[in-house]
Amino acid sequence: MVARPEPAVTPDEPLEDTIRRIVREEVERAFRRDPASRRLCLIASKGTLDWAYPPFILGSAAAAAGMEAAIFFTFYGLNLLRKDFDRTLAVSPVGNPAMPMPVPMPDIVTALPGMKALATGMMKGLFRQKGVASVRELRDVCLESGVRLIACTMTMEVFGYTADDFVPGVEFGGAGAFLSEARRSHVTLFV
């Protein structure tokens, strides 16, 4: 067992300040010992409005907490990195049975034409009303905060995308490259 140095206690320092200093020193020491504790890796595989929020919220929160963050976008999640993603970003009440509707509706009604647009408008309006940033704003915050947004090259090839389809700042890599990144992280999530 490695002996830890005893934290210095100074008589002039108030007890609360001493405790804060000791905790800060312990956290800094832990980060130096294990840099992976400051890394987050996410996989985003869905491109609907309701699934667009989690990776960008988690990525920006990690960056705000001083963590290195990387989000690997694969399959339909690639849509969230496209320049024109706003026109396709929607949510369907048919695929989301837990989605709250203003009045109870039978499943058959949620499948009627126009319900997808209604549900999308309702969700966007609710988020705006509650002061939640838009998906575009969250994506921009991630890019500005240094969160690595990585587009899956295999999925790009399958769907016929090129690098020009994506916003500036997106990186490109395969599953192996992302796994190499993820294995050096304490927090790895699939959202």
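Before moving on, here are some points about what is shown:
- Applying a threshold of 6 Å to beta carbon distances and a minimum spacing of six or more residues, or different chains, the list of pairs starting in segment 55-79 at a residue that is at negative phi and outside any helix (DSSP H, G or I) and ending at one that is polar (S, T, N, Q) and surrounded by fewer than 20 Cβ atoms within 10 Å (Cβ to Cβ) reads Thr74/Ser45; Thr74/Thr155.
Condition check ((1) closer than 17 Å to Leu80 by Cβ; (2) crowded, with 18+ Cβ neighbours inside 10 Å; (3) among the aliphatic types (A, V, I, L, M)) across all residues:
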| position | (1), (2), (3) |
| --- | --- |
| Gln129 | no, no, no |
| Ser134 | yes, no, no |
| Leu138 | yes, yes, yes |
| Ile150 | yes, yes, yes |
| Met156 | yes, yes, yes |
| Tyr161 | yes, yes, no |
| Val167 | yes, no, yes |
| Leu179 | no, no, yes |
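- Residue in segment 16-34 that is under 19 Å from Arg184 (Cβ atoms), among the hydrophobic types (A, V, I, L, M, F, W, C) and at pLDDT 80 or above present: no
The values are calculated or read from the model by the stated rules, or taken from the named source; none is laboratory data. Because the structure is predicted, anything quoted here is derived from the model rather than measured. Ideal geometry is used to build each Cβ from the backbone, glycine not excepted, and the neighbour counts take in all protein chains shown.
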